[in-house]
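Novice: Okay, here's the structure, questions in a sec.
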Amino acid sequence: MSAPVHPRETFDWAGDEAHERAFLDALDRGRLHHAWLVVGPEGVGKATFAYRAARRLLGARAEPSLGPLGAAPDDPVSRQILGRAHPDLMALQRDPETGKSRRDIPAEEARSLGEFFAKSPASAPYRVAIVDAADDLNTFGANAVLKTLEEPPERGVLFLISHAPGGLLATIRSRCRRLRLEVPEPARAARWVEARTGVGAGDAERLLAMARGAPGGAWRLAAQGALDADKLAHDLLAALPAPDERAMLAIAESFRGPAGLAKFQLFFNRLADQVHAMAARRAADGERGLALDRWSEIWDDLVAAPLDAEAINLDRADLFFTTLSRLKAIE
């Protein structure tokens, strides 16, 4: 199974081709807006769209087999972008691909957009910048981006990626053309996930359900081992009130140590979804009473547990056994 790659390395497209055709139409008619706010749920391909558009704006050879905005991977422009070496492309993101995780996109990096766009294109028809994601800009960085938007660059295009555009400055939103990407058509998304992960059709559909239909999210979940975690959660609930103790000890031990945090978060997220689905089925069947209320309470705690364990350094194995005891006693 291939691990998820950066959007600049993704050349195919699982999304709605109508958005790409509309972008190309604006480009061909000379009516291309200088700033695009690309919004939608995480994992639907917002940054992938931006990089696909960037390749074409920077002059990469079209490759129709990869969709309307498809570009040939072996084109020199595509290779420069892959190598992060194109002089007319700038990308800002919160976490550098090498180095320590950051709280936000530093304001000084956002301010560099003005200097970048002040220069003429070095080797391409346009200069292009991608901010992934604008949600990660702090107040000073957001104001720096706003200043760039207030002085539209000639032959410059800015893409702002946002998962929650309501949190952006209204003045930023009003100066951008908004493009909303929704989750793709299920069959198309499933084929894309199958091709990327190597799983079968049924597992691709399971992964998409976990990711709320987002193909990029399904790919990440597959690489994290979500299918196995989902089965563990299902088997635990099916075995209540007397799950196999050895299996429970093995699960708890997998949560210990530095590598255990990601496994703990994934398992509790999958267990929360399984509990939610179980409670919903019971409610739909007309069940009422204390047991259903307890399922709802446990679901709330399962959702909060990964954040609590990380924030206040709780022992993850102990938290698992506490949750297990509550599950055993629920009926």
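The values are calculated or read from the model by the stated rules, or taken from the named source; none is laboratory data. Just so it is clear, the model here is predicted, and its values are computed rather than measured. Neighbour counts are summed over all protein chains in view; Cβ atoms, including those assigned to glycine, are modelled from backbone coordinates with ideal geometry. Note: accessible area is taken over every heavy atom of the protein model, side chains too, but ligands, DNA and RNA are not part of it. Shrake-Rupley method; radii C 1.70, N 1.55, O 1.52, S 1.80 Å.
Novice: So which of A195, A229, A222 is aliphatic (A, V, I, L, M) and modelled with pLDDT under 95? It would help to see each step written out before you state the result.
Specialist: Numbers: A229 fails: modelled with pLDDT under 95; A222 fails: modelled with pLDDT under 95.
Answer to the check: A195.
Novice: Right, another one. Could you look through segment 85-97, keep only residues that are in a loop (DSSP other than H, G, I, E, B) and over 19 Å from the mean Cα position of the chain (by Cα), and pick out the one that is farthest from A122 (Cα to Cα)? Give the derivation first.
Specialist: Filtering segment 85-97 for residues in a loop (DSSP other than H, G, I, E, B) gives 85-88, 94-97.
Within this subset, residues satisfying the condition of being over 19 Å from the mean Cα position of the chain (by Cα) are 85-88.
Working: A85: 12, H86: 9, P87: 6, D88: 6 Å.
Within segment 85-97, the match that is farthest from A122 (Cα to Cα) is A85.
Novice: If you don't mind, there's one more thing I want to ask. Among the residues of segment 68-92, which ones are in contact with a strand residue (DSSP E or B) (Cβ under 7 Å, 6 or more places away or on another chain) and either β-branched (V, I, T) or at pLDDT below 95 (or both)? First the steps, then the outcome.
Specialist: So in segment 68-92, the residues in contact with a strand residue (DSSP E or B) (Cβ under 7 Å, 6 or more places away or on another chain) come out as 70-71, 78, 81, 88-92.
Answer for segment 68-92, where residues must be in contact with a strand residue (DSSP E or B) (Cβ under 7 Å, 6 or more places away or on another chain) and either β-branched (V, I, T) or at pLDDT below 95 (or both): just I81.
Novice: Further, regarding this structure: Based on this model, can you work out whether S101 counts as in contact with a Pro (Cβ under 7 Å, 6 or more places away or on another chain) and exposed (fewer than 14 other Cβ atoms within 10 Å of the Cβ)?
Specialist: Values: in contact with a Pro (Cβ under 7 Å, 6 or more places away or on another chain): no; exposed (fewer than 14 other Cβ atoms within 10 Å of the Cβ): yes.
Against the criterion (in contact with a Pro (Cβ under 7 Å, 6 or more places away or on another chain) and exposed (fewer than 14 other Cβ atoms within 10 Å of the Cβ)), S101 does not qualify.
Novice: Can you tell which of L232, L236, L290 is on the phi < 0 side of the Ramachandran plot and in contact with a Phe, Trp or Tyr (Cβ under 8 Å, 6 or more places away or on another chain)? Full working, then the answer.
Specialist: Working: L236 fails: in contact with a Phe, Trp or Tyr (Cβ under 8 Å, 6 or more places away or on another chain); L290 fails: in contact with a Phe, Trp or Tyr (Cβ under 8 Å, 6 or more places away or on another chain).
The conditions single out L232.
Novice: Name every residue in segment 64-90 that is open to solvent by 50 Å² or more (accessible area, probe 1.4 Å) and in contact with an Asp or Glu (Cβ under 8 Å, 6 or more places away or on another chain), in order of residue number.
Specialist: Selection gives P73, L82.
Novice: Okay, next question. Working only within segment 17-31, note down all residues that are crowded, with 19+ Cβ neighbours inside 10 Å and part of a loop (DSSP other than H, G, I, E, B). Explain how you work it out, then say what you get.
Specialist: As a first pass, look at segment 17-31 and keep what is crowded, with 19+ Cβ neighbours inside 10 Å: 19-20, 23.
Residues satisfying the conditions do not exist here.
Novice: For segment 1-16: of the residues being among the charged types (D, E, K, R) and part of a loop (DSSP other than H, G, I, E, B), which is modelled with the highest pLDDT?
Specialist: Taking segment 1-16 first, the residues among the charged types (D, E, K, R) are 8-9, 12, 16.
Add one more test, that the residue is part of a loop (DSSP other than H, G, I, E, B), and what stays is 12, 16.
Details: D12: 92, D16: 87.
Applying the filter and picking the extreme gives D12.
Novice: Name the residue, out of G257, G225, G213, that is among the small types (G, A, S), under 23 Å from D308 (Cβ atoms) and within 18 Å of the chain's Cα centre (by Cα). Reasoning before the result, please.
Specialist: Values: G257 fails: within 18 Å of the chain's Cα centre (by Cα); G213 fails: under 23 Å from D308 (Cβ atoms).
Within the list G257, G225, G213, the selection yields G225.
Novice: Here's another thing I want to ask about it. For segment 104-191, which fully contained strands (runs of 3 or more DSSP E) count at least 3 residues that are surrounded by fewer than 19 Cβ atoms within 10 Å (Cβ to Cβ)?
Specialist: 177-180
Novice: Say we look at segment 236-246 and pick out the residues that are in contact (Cβ under 8 Å) with a residue 12 or more places away in the chain and open to solvent by 30 Å² or more (accessible area, probe 1.4 Å); which of these is nearest to the chain's Cα centre (by Cα)?
Specialist: Of all residues in segment 236-246, those in contact (Cβ under 8 Å) with a residue 12 or more places away in the chain come to 236-237, 240-243.
So of that shortlist, the ones also open to solvent by 30 Å² or more (accessible area, probe 1.4 Å) come out as 240-242.
Values: L240: 34, P241: 36, A242: 37 Å.
Applying the filter and picking the extreme gives L240.
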